[in-house]
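For reference, the structure discussed in these notes is given below.
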Amino acid sequence: MAVTQRLDLRQHQSLVMTPQLQQAIKLLQLSNLELAAYVEAELERNPLLERDESDGGDEGANSGGIDSDVEAVPVRADADTHDLTSAENLPSSNDAPLDTDFENVYDNSRADDGLAGADMGSYSGGAGPTGATGGTFEGDDRGFEERLSERTTLRQYLLDQLNLDLRDPAERIVGLHLVEMLDDSGYMTGDLADLAERLGCDVSAIEAVLGKLQRFDPPGVFARSLQECLALQLAERDRLDPAMATMLDNLPLVAKRDFAALRKLCGVDDDDLADMITEIKALNPKPAEAYDFDVAEPIIPDIFVRRSTDNKWLVELNSETLPRVLVNARYSTTVSTQARSKADREYISEQLQSANWLVKSLHQRATTILKVASEILRQQDAFFRKGVRHLRPLTLRDIAEAIEMHESTVSRVTTNKYIATPRGIYELKYFFTASIGGANGESHSAEAVRDRIKSLIEGETGGKILSDDTIVVLLRKDGVEIARRTVAKYREAMRIPSSVQRRRQKALRV
């Protein structure tokens, strides 16, 4: 066959992830804190973007910003992320992106499910849906210095005591090294022999200084084990008698609740053993936790759910967490007319396109979150009205098929997103639970079954302790087909002791 050149025309299909689509997908799965950081970085990088400082008036709406107090924008129920992020389907910069009518999300066949329209205009900041208002320092006559609070670190607290109690410079040097060897819980880490070799002294000198430091506050600090930590705290309370010391030597038996063996070893009766275990429970196994702690960030919900006056559900986005950005069209026009080189014009065009896509992607993210949350609310209506016992099994596919989106899109939307309801704040993932079979083909949510198991155990009275087999029988009477090993797995996940351990606890009144 002769080797010749020829021109062929071939047709094939491929999935192309444009930078704009990648950005829309990325924003969809970000939490509100991550989204705020991402938008802040874009504001610093893109000179054509600016923060919308308006209160939701016409200026923000006409400039293409994200606002919540303007006319609603209908959303197609059959569109996926890919479709909604295309140029022909996304709203123009003059549209207000966040006001999505709940009735436009679902067709008319679902209009009688007790769900009302998403009231976006009623939450524009300030008071929340429950009427709570944010704190403010207005009207406070105290000075700024009086409102400041300095958090004392464990290291500084121990150094203050070290400077007062240790007069010998050599002991102070050893003490400084021992302070640096503490972990976050207040326990000693490292080897004292290595420290003695490094400082050129005897191990006995190190242990002598350590004995002095172990009398510092908080009690139990500088311990080398849990047993020593508890012993130091009991010694500080003058409660380290021989029986208590024997119990500390056999802490694994306390964890196993082998009270018969403990009574024999300690030489005490049931009442004394119960009192000793109560004292140990009152001790702090992590004496440093009150000092070098990390402040837990409060959960800020992305969606609010509340009831209207006519007993219907209202779903609204938390506008406080939605970054408001807009494209500065006037500045863009000014710099475009003054650009002289081709590189400058290409840079301005690129930044303008990036700014417009960011605004549209933020809009798409908001409407998609609202759409998914509204469908979750519709399908879990019994949970919101009656409680966790009525939580029904739900999967990502159920939501995806109902709103005609891809399952991966629903997964991204429900990641790190929280919803504030009259029953508390929940992650959207909470409402997706496994299914447990029941009588007559009825299925039960695994979370509802766990709550039922917990209630049965909490309802134990007197000497009537329910075994796992008994719980299985009771659940099957309620129509829940469950195996004993599943009951044991759920009980252990809730950190509930076995029936034998619970019986020992009740017998000793622990």
>> Out of ASP258, ASP344, ASP310, I need the residue that is over 29 Å from the mean Cα position of the chain (by Cα), within 30 Å of SER225 (Cα to Cα) and at pLDDT 80 or above. Which one?
In response: ASP258
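Step by step: first the residues of the range 449-476, then only those that are of a type in the set (D, E, K, R) and within 21 Å of LYS506 (Cα to Cα), then the one that is nearest to the chain's Cα centre (by Cα). Which residue is that?
Ranking the candidates gives LYS454 first.
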> Can you find even one residue in the range 214-236 that is farther than 27 Å from LEU154 by Cβ, without any contact (Cβ under 8 Å) to a residue 60 or more places away in the chain and not in a helix (DSSP H, G or I)?
Replying inline: no
> Given the residues SER332, SER354, SER349, which is the only one that is polar (S, T, N, Q) and either under 30 Å from ASP217 (Cβ atoms) or free of Cβ contacts under 8 Å to residues at least 40 places away in the same chain (or both)?
Replying inline: SER349
> Which condition does PRO323 not pass, out of (1) surrounded by 13 or more Cβ atoms within 10 Å (Cβ to Cβ); (2) modelled with pLDDT of 85 or more, if it passes all the others?
Replying inline: (2)
> Checking ASN328 against (1) more than 15 Å from LEU28 (Cβ to Cβ); (2) out of contact with any Asp or Glu (no Cβ under 9 Å at 6 or more places or on another chain), which test does it fail?
Replying inline: (2)
>> The conditions are (1) assigned to a helix (DSSP H, G or I); (2) within 30 Å of THR189 (Cα to Cα), and GLU289 fails exactly one of them. Which is it?
In response: (1)
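Being buried (at least 16 other Cβ atoms within 10 Å of the Cβ) and not hydroxyl-bearing (Ser, Thr, Tyr) is the filter; apply it to the range 182-197 and report the residue that is farthest from GLU289 (Cα to Cα).
ALA196
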>> The conditions are (1) assigned to a helix (DSSP H, G or I); (2) of a type outside the set (A, V, I, L, M); (3) modelled with pLDDT of 85 or more, and PRO301 fails exactly one of them. Which is it?
In response: (1)
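A quick yes/no check of all residues on (1) outside the structural domain of ARG237 (by TED's automatic domain parsing); (2) over 30 Å from LEU154 (Cβ atoms); (3) small (Gly, Ala, Ser); (4) part of a helix (DSSP H, G or I):
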site: LYS264; (1), (2), (3), (4): no, yes, no, yes
site: THR309; (1), (2), (3), (4): yes, yes, no, no
site: LEU314; (1), (2), (3), (4): yes, yes, no, no
site: GLU320; (1), (2), (3), (4): yes, yes, no, no
site: SER332; (1), (2), (3), (4): yes, yes, yes, yes
site: SER336; (1), (2), (3), (4): yes, yes, yes, yes
site: GLN353; (1), (2), (3), (4): yes, yes, no, yes
site: ASN356; (1), (2), (3), (4): yes, yes, no, yes
> In the set VAL315, VAL221, which member is touching a Lys or Arg at 6+ places or on another chain (Cβ under 9 Å) and β-branched (Val, Ile, Thr)?
Replying inline: VAL315
> Out of the range 416-434, which residues are crowded, with 16+ Cβ neighbours inside 10 Å, assigned to a helix (DSSP H, G or I) and not aliphatic (A, V, I, L, M)?
Replying inline: TYR430, PHE431
>> Going residue by residue through the range 408-422, is there one that turns out to be farther than 30 Å from ARG502 by Cα, in contact with a strand residue (DSSP E or B) (Cβ under 7 Å, 6 or more places away or on another chain), of a type in the set (A, V, I, L, M, F, W, C) and in contact (Cβ under 8 Å) with a residue 60 or more places away in the chain?
In response: yes
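When you scan the range 99-204 for helices (runs of 4 or more DSSP H) that lie fully inside it, which ones turn up with 3 or more residues that are farther than 30 Å from HIS363 by Cβ and at pLDDT 80 or above?
Fully inside the range 99-204 and qualifying: 154-165, 169-180, 192-199.
The values are calculated or read from the model by the stated rules, or taken from the named source; none is laboratory data. Bear in mind that the values here come from a model prediction, so they are computed numbers and not experimental data. Backbone-built Cβ (ideal geometry, glycine too); neighbour counts: all protein chains shown.
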